[in-house]
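Chemist: Take this structure first; my questions come after.
The values are calculated or read from the model by the stated rules, or taken from the named source; none is laboratory data. Quantities reported herein were computed from a predicted structural model and do not represent experimental measurements. Cβ: placed from backbone, ideal geometry, glycine included. Neighbour counts: every protein chain shown.
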């Protein structure tokens, strides 16, 4: 099976596993982008431990779920976002103010929308979670 979008596959696997209350989910193939997005989710308390399992074929990621995610998904197409447009995208993808995160790829790494607003950065919108 050919997977065209690793990030969409990751987010839908996490969402589906959360809906059936699983303790962890294994996602493959692994990529640097997926691991960095997961590190942002981990830093903000949405998921537990992340483990990269090397199998020689593209590797797998084992993600511990702690039941904090109500909804998550990848944003397609990946919109370029200027620093003053971030709040309008937050209104579109998040349910309320101060609820959830937009994950944005910037020139200084993968950050949340709040970090981008504070640092005055724009970037490419990757995903949302709440």
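Chemist: Could you list, in sequence order, all residues of segment 2-15 that are touching a strand residue (DSSP E or B) at 6+ places or on another chain (Cβ under 8 Å) and free of Cβ contacts under 8 Å to residues at least 40 places away in the same chain? Outline the logic, then answer.
Modeler: Let us first name the residues in segment 2-15 that are touching a strand residue (DSSP E or B) at 6+ places or on another chain (Cβ under 8 Å), namely 5, 7-15.
Residues satisfying the conditions are 9, 13.
Chemist: Could you tell me how many of the residues in segment 91-121 are in a loop (DSSP other than H, G, I, E, B), buried (at least 16 other Cβ atoms within 10 Å of the Cβ) and at negative phi? Step through it out loud before you land on a result.
Modeler: Residues of segment 91-121 in a loop (DSSP other than H, G, I, E, B): 94-100, 107-108, 120-121.
Filter again for buried (at least 16 other Cβ atoms within 10 Å of the Cβ), leaving 94, 100, 121.
Adding the requirement that they be at negative phi leaves 94, 121.
Residues that pass the stated criteria total 2.
Chemist: Condition check: under 27 Å from residue 16 (Cβ atoms), modelled with pLDDT under 95, in a loop (DSSP other than H, G, I, E, B) and assigned by TED's automatic domain parsing to the domain that holds residue 35. Does residue 58 satisfy that? Step through it out loud before you land on a result.
Modeler: On the way: under 27 Å from residue 16 (Cβ atoms): yes; modelled with pLDDT under 95: yes; in a loop (DSSP other than H, G, I, E, B): yes; assigned by TED's automatic domain parsing to the domain that holds residue 35: yes.
So residue 58 fits the description; yes.
Chemist: Is one or more of the residues making up segment 76-84 within 14 Å of residue 125 (Cα to Cα) and outside any loop (DSSP other than H, G, I, E, B)?
Modeler: Going residue by residue through segment 76-84, those that are within 14 Å of residue 125 (Cα to Cα) are 76-84.
Checking which are outside any loop (DSSP other than H, G, I, E, B) leaves us with 80-81.
Within segment 76-84, one or more residues are within 14 Å of residue 125 (Cα to Cα) and outside any loop (DSSP other than H, G, I, E, B).
Chemist: Moving on. In this structure, does residue 111 turn out to be touching a residue at least 12 places away in the same chain (Cβ under 8 Å) and either within 15 Å of residue 129 (Cβ to Cβ) or in contact with a helix residue (DSSP H, G or I) (Cβ under 9 Å, 6 or more places away or on another chain) (or both)? It would help to see each step written out before you state the result.
Modeler: Numbers: touching a residue at least 12 places away in the same chain (Cβ under 8 Å): yes; either within 15 Å of residue 129 (Cβ to Cβ) or in contact with a helix residue (DSSP H, G or I) (Cβ under 9 Å, 6 or more places away or on another chain) (or both): yes.
So residue 111 fits the description; yes.
Chemist: Which one of the conditions (1) under 19 Å from residue 111 (Cα atoms); (2) within 14 Å of the chain's Cα centre (by Cα) does residue 88 fail to meet, given that it meets all the rest?
Modeler: With (1) under 19 Å from residue 111 (Cα atoms); (2) within 14 Å of the chain's Cα centre (by Cα) applied to residue 88, the lone miss is (2).
Chemist: What single numbered condition from (1) without any contact (Cβ under 8 Å) to a residue 24 or more places away in the chain; (2) surrounded by 14 or more Cβ atoms within 10 Å (Cβ to Cβ); (3) touching a helix residue (DSSP H, G or I) at 6+ places or on another chain (Cβ under 8 Å) fails to hold for residue 74?
Modeler: Failed condition: (1).
Chemist: Which residues, counting only those in segment 25-55, are surrounded by 12 or more Cβ atoms within 10 Å (Cβ to Cβ) and part of a helix (DSSP H, G or I)?
Modeler: Across segment 25-55, the qualifying residues are 33, 34, 35, 36, 37, 38, 39, 40, 41, 42.
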